[in-house]
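Engineer: Dropping the structure in here first, questions after.
The values are calculated or read from the model by the stated rules, or taken from the named source; none is laboratory data. Bear in mind that the values here come from a model prediction, so they are computed numbers and not experimental data. Glycine gets a Cβ as well: all are built from the backbone with ideal geometry, and neighbour counts include every protein chain shown.
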Amino acid sequence: MAPLEPYEKVLVDEDFLEDDPHGEIACVDCHGGNPEASSFEEAHKGVVKDPSWPDPAKTCGECHEKIAAVGGSSPHFTLASFRSVVGARLSDDPHVRKKVLDEAMGIHCYHCHSSCGACHVSRPEEVEGGLVEGHYFQKTPPMATNCTSCHGSRVEKEYLGKNKGLPPDVHYAKRGMKCVACHKGGEMHGTGKTYDYRYKVENLPKCEDCHKEVLGAKSKVKAHKIHKDKVSCHVCHSVAYKNCYNCHVGKDAQGLPYFKTEKSELGFKIGLNPLRDSRHPYRFVTLRHVPVNPSIFDYYVKDAMANFDRLPTWKFATPHNIQRVTPQNKKCSSCHGRKELFLLEDDVPPEERAANRAVIVPEDELPKARR
Amino acid sequence: MEGKGGQKRVALVTAFFFIAVFSLIQLGRAQEESSCVKCHTSPKTLIELTRALAAKKPPKKSAETKGEG
């Protein structure tokens, strides 16, 4: 997505003031500043660019009381899972934890948060912001300017078929479904409960929400009956997806923060489910390698990831590239007996094996070959 | 009769007074809005302003950033 010209980012559509109910509110009531000042500097003194962040209660909450009351708990708002997954791998030394969780992540990670405004009014700050449509409030956040601004490297490329040689997700290709068709407001706005891991969110979409007949007890699909609760939907219906292997953060000679990631790779690996619970009862799930490595925060503090092995580097994943027919679900033998589809010990470098012990499939547990 | 006429005049004056006060409040509010709205709805003004500001501001992003986020 091309960045906006600087003037476009702050250009308000004159009609917004007449057509949108939010246009009836005085600019100063939400953004502050001094409309009577004669200079740019004076006029913008104390201006709040995003009045919905960090506390939407005093602005959005004036009218949207119920949403604003719980909005602060949304994972998009809190990024609580960033903190918990990095925190789990960090040394127990309070100095190290503070240095990484507060300083380094404050500089490099936490700006990825969203807010009411970053979904409904402007592009997210991560992509340098800018009004989406002349300050008109978007009841449904536009997929291209908002959702995929942040979820671009993996989800967008998978869902829209931008990974070379791979088709778009069937929900998009056949029905043109946008993100909000599955990820509805209730999920996005939060429930008031803070989750330390995104797959623990209780109102996440489920395939069963729409595909009841083919997944329920009366399903006529034999493969569904056989594999129910043993294999996640993605194991049979995803195609190759992106895996990233590392990341390094630091500051350049001018003090500007940077990150460096090595080339990502497309791949497909089935592994053991590290997250088995009533919502995810499956034994086998798709796994994605995430951009984590022991030296990621070395610029700030050496060997911070003293407990690197506490979490797998191949994590539970739900790739957004669903197909009805995939290379591994054409017939039984497309998956059974094909060990290259599974994450085996030899696929994992020795230094990451301890971290991935819970997800690596032991050879004797591979699905047996079928004719 | 004169008494009724006097009451009418008082009512009219009172009504005009409130209308005038209300209009002044609205005018004041509109004027307060106008400087924000005037600039932020004018592409020409914003182009000039943002160019001048961009020339003064140092870059925000490091050239050392590499790879996908």
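Engineer: List the number of the failed condition for A:LYS99; all other conditions in (1) closer than 23 Å to A:LYS260 by Cβ; (2) in contact with a Leu (Cβ under 8 Å, 6 or more places away or on another chain); (3) not aromatic (Phe, Trp, Tyr) hold.
Structural biologist: Condition (2) is where A:LYS99 drops out.
Engineer: Among the residues of the stretch A:137-147, are any within 15 Å of the chain's Cα centre (by Cα) and buried (at least 20 other Cβ atoms within 10 Å of the Cβ)?
Structural biologist: yes
Engineer: Specify which of the listed residues (A:LYS184, A:LYS206, A:LYS220) is exposed (fewer than 15 other Cβ atoms within 10 Å of the Cβ), closer than 16 Å to A:PHE316 by Cα and not acidic (Asp, Glu). Walk me through how you get there before you give the answer.
Structural biologist: On the way: A:LYS184 fails: closer than 16 Å to A:PHE316 by Cα; A:LYS220 fails: closer than 16 Å to A:PHE316 by Cα.
Only one candidate passes the filter, namely A:LYS206.
Engineer: Please state which of the following conditions A:SER153 fails to meet, knowing it meets all the rest: (1) more than 27 Å from A:SER278 (Cβ to Cβ); (2) loosely packed, with under 14 Cβ neighbours inside 10 Å.
Structural biologist: So the condition that A:SER153 fails would be (2).
Engineer: Of (1) in contact (Cβ under 8 Å) with a residue 12 or more places away in the chain; (2) within 14 Å of chain B (Cβ to nearest Cβ), A:ALA80 satisfies all except one. Which?
Structural biologist: (2)
Engineer: Sticking with this one: Kindly provide the set of residues from the stretch A:308-337 that are surrounded by 15 or more Cβ atoms within 10 Å (Cβ to Cβ), farther than 20 Å from A:VAL155 by Cα and under 24 Å from the mean Cα position of the chain (by Cα), ordered by number.
Structural biologist: A:PHE308, A:ASP309, A:LEU311, A:PRO312
Engineer: Could you list, in sequence order, all residues of the stretch A:245-262 that are assigned to a loop (DSSP other than H, G, I, E, B) and facing another protein chain (nearest Cβ under 7 Å)?
Structural biologist: Going through the stretch A:245-262, the residues assigned to a loop (DSSP other than H, G, I, E, B) turn out to be A:245-247, A:252-256, A:261-262.
Across the stretch A:245-262, the qualifying residues are A:ASP252, A:LEU256, A:THR261, A:GLU262.
Engineer: Scan the stretch A:122-140 residue by residue and report those that are under 21 Å from A:GLY72 (Cα atoms) and touching a residue at least 40 places away in the same chain (Cβ under 8 Å).
Structural biologist: Taking the stretch A:122-140 and keeping what is under 21 Å from A:GLY72 (Cα atoms), we get A:122-126, A:129, A:137-140.
Matches in the stretch A:122-140: A:SER122, A:ARG123, A:GLU125, A:GLY129, A:PHE137, A:THR140.
Engineer: Please determine whether any residue of the stretch B:41-50 is more than 8 Å from every other protein chain (Cβ to nearest Cβ), under 25 Å from A:SER39 (Cα atoms) and either modelled with pLDDT under 75 or touching a Pro at 6+ places or on another chain (Cβ under 7 Å) (or both). Give the steps one after another, and end with the answer.
Structural biologist: The first filter runs over the stretch B:41-50 and keeps only residues more than 8 Å from every other protein chain (Cβ to nearest Cβ), leaving B:42, B:44-45, B:48.
Filter again for under 25 Å from A:SER39 (Cα atoms), leaving B:42, B:44-45, B:48.
Going one step further and asking which of them are either modelled with pLDDT under 75 or touching a Pro at 6+ places or on another chain (Cβ under 7 Å) (or both), we end up with none.
For the stretch B:41-50, residues more than 8 Å from every other protein chain (Cβ to nearest Cβ), under 25 Å from A:SER39 (Cα atoms) and either modelled with pLDDT under 75 or touching a Pro at 6+ places or on another chain (Cβ under 7 Å) (or both): absent.
Engineer: So A:LEU11 passes all but one of these: (1) hydrophobic (A, V, I, L, M, F, W, C); (2) out of contact with any Lys or Arg (no Cβ under 8 Å at 6 or more places or on another chain); (3) assigned to a loop (DSSP other than H, G, I, E, B); (4) within 21 Å of A:HIS113 (Cα to Cα). Which condition number does it fail?
Structural biologist: (4)
Engineer: Could you say whether any residue in the stretch A:85-96 is within 14 Å of another protein chain (Cβ to nearest Cβ), more than 25 Å from the chain's Cα centre (by Cα) and either assigned to a helix (DSSP H, G or I) or without any contact (Cβ under 8 Å) to a residue 60 or more places away in the chain (or both)?
Structural biologist: Going through the stretch A:85-96, the residues within 14 Å of another protein chain (Cβ to nearest Cβ) turn out to be none.
The answer is no, given that none of the residues of the stretch A:85-96 is within 14 Å of another protein chain (Cβ to nearest Cβ), more than 25 Å from the chain's Cα centre (by Cα) and either assigned to a helix (DSSP H, G or I) or without any contact (Cβ under 8 Å) to a residue 60 or more places away in the chain (or both).
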